[in-house]
Amino acid sequence: MLKQTNLKHFIAKPNSSEVQNLLNLAALAKKNPLQNRNLGLGKSIALIFFNPSLRTRMSMQKAAANLGLNCMMLNVGQDSWGLETEEGIIMNGASGEHIKEGARVIAEYCDLIAVRSFPNLTNQMEDYKEKILNLFMELTNRPIINMESAKVHPLQSLTDRFTIDEFRQGRKAKVVLTWAPHIKSLPQAVPNSFVEWMRDADVEFVITHPKGYELSTEFTEGCKIINDQELALQNADFVYTKNWSSFNSYGQILPSDFKDWMITPEKMALTNNAKFMHCLPVRRNVVVADEVLDSKNSIVIEQASNRVWSAQAVLTQLLVNIGCDNGNY
């Protein structure tokens with residue numbers, strides 16, 4: 001029997017009991033995807049994308065379908081008017097609708113709202129305010145799901161936690177988050193979230209990155225951080241690789257490109273036969289060598305597949321919490 005909890009929104013990492021509950025729900029969904037197939041009947045979810053997506057979009061669609069939810073997708077600025085977010089602005093520019101009306105109208109049509117919005121990577125303070133997510137929470141009375149924001153990506157991190165638990169099979173594991181090079185500036189949302197969720201897990205956790213690529217201490221305070229990648233990788237059971245741009249020199253790629261931080265077979269040989277993880281998409285032979293990504297130790301496809309079950313867990317709990325009971329659970 002599914003039970004109500006205090007989870008009202010899924011915009012960041014919830015408390016430990018909620019995390020464990022979601023992990024349990026994800027495991028149940030993976031065993032029997034259609035067990036709660038009538039839970040969302042008569043309900044609709046809006047998937048609102050301010051930025052591109054493959055895994056998040058498709059996994060949310062599939063999870064919604066498994067629960068009987070009607071899924072309504074909107075690519076802002078393509079399928080709809082561009083949404084203005086500034087208060088008191090004279091709207092004589094590119095945006096044709098204000099979020100004050102747009103968000104409220106969406107709430108009239110949908111019972112849950114999921115939003116994906118990336119940072120601009122130019123103004124740290126503005127990005128980390130999570131303005132768009134907060135406006136949707138302020139303007140609607142619907143549960144809001146974060147499909148990646150300027151600051152965090154909790155759906156990805158729930159998946160990562162679920163995948164690590166699945167592959168470590170109850171044993172203590174050493175998990176290393178390692179920075180890798182990239183050709184352009186990328187957000188800190190995925191590593192921020194991964195750090196946040198690993199700090200709460202029963203693992204030995206290490207972060208490794210070149211000097212200058214420190215993440216916000218809001219997430220890393222108390223974590224073990226090593227600037228020597230090869231030292232950090234020794235005896236690792238899981239290697240989670242991800243690029244992020246500088247937080248202190250906000251959004252920048254530093255003058256030294258640190259190409260030697262790419263994950264190679266030689267780097268993986270330092271580990272305890274570690275599983276290789278990445279949230280995808282990944283640039284081959286920039287972030288990681290083909291030989292690693294194509295190896296039997298790479299679990300990036302299994303990791304991506306698990307996105308469905310983490311999404312389904314979140315949708316299930318939020319539907320239960322808003323009082324859905326269609327008699328099939």
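The values are calculated or read from the model by the stated rules, or taken from the named source; none is laboratory data. What you see is a predicted model; the values in this text were computed from it and never measured. Cβ sites come from the backbone with ideal geometry, for glycine too, and all protein chains shown count toward neighbours. SASA here: full protein model, heavy atoms, side chains in, ligands and nucleic acids out. Shrake-Rupley method; radii C 1.70, N 1.55, O 1.52, S 1.80 Å.
Results, tabulated for the structure shown:
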item: Gyration tensor verdict on the range 201-329 (Cα atoms; rounded if a/c is under 1.5, prolate if a/b is larger than b/c, oblate otherwise); result: prolate
item: Estimated FRET transfer efficiency when R0 is 22 angstrom, pair E230-K172 (beta carbons, to 0.05); result: 0.50
item: Hydrodynamic radius (Kirkwood) for the chain, which is based on Cα pairs only, to one decimal in Å; result: 20.6
item: Net charge dipole size for the range 180-297 [Lys, Arg +1 and Asp, Glu -1 on Cβ; Debye, nearest 20]; result: 360
item: Helix-only [θ]222 nm of the chain, DSSP H runs n ≥ 4, -39500 (n - 2.57) each, per residue, nearest 500; result: -10000 deg cm²/dmol
item: For the range 196-329: relative contact order, % (alpha-carbon pairs under 8 angstrom, 6 or more apart); result: 20
item: Heavy-atom accessible surface of the chain: percent carbon and sulfur, 1.4 Å; result: 48
item: For the chain: accessible area per residue (Å², 1.4 Å); result: 45
item: I11 accessible area, 1.4 Å probe, all protein chains in place, Å² to nearest 10; result: 50
item: Nearest-20 debye value, the range 128-187 charge dipole, Cβ charges on Lys, Arg, Asp, Glu; result: 240
item: Over the range 157-266, relative contact order from alpha-carbon pairs under 8 Å, at least 6 apart, %; result: 37
item: Computed label-point distance, nm, for sites S16 and M58 using a 7 Å Cα→Cβ extension; result: 3.7
item: For the chain, size of Cβ-based charge dipole, Lys and Arg +1, Asp and Glu -1, in debye; result: 860
item: Volume per residue that the Cα convex hull of the range 76-125 spans, once the total is divided by residue count, Å³; result: 119
item: Contact order relative to length of the chain, as percent, for alpha carbon pairs under 8 angstrom and 6 or more apart; result: 23
item: Helix runs (DSSP H) in the chain reaching 20 Å along axis by Cα, Kyte-Doolittle at least 0.5; result: 307-321
item: Centroid-to-centroid separation of the range 164-202 and the range 290-308 [C-alpha atoms, Å]; result: 14
item: Inter-part distance where the range 113-137 and the range 218-255 are each reduced to a Cα centre, Å; result: 23
item: Calculated FRET efficiency for the pair N272/S44, C-beta based, R₀ 51 Å, to 0.05; result: 0.65
item: Unit charges at the beta carbon, dipole of the chain: most positive-side option, P143, G212, W244; result: P143
item: Spin-label pair D200/K184, simplified geometry with 7 Å Cα→Cβ offset, distance in nm; result: 3.2
item: Coarse-grained scattering of the range 217-278 at q = 0.22, 0.24, 0.29 Å⁻¹, given as base-10 log I(q)/I(0) from a Debye sum over alpha-carbon atoms; result: -1.09, -1.18, -1.30
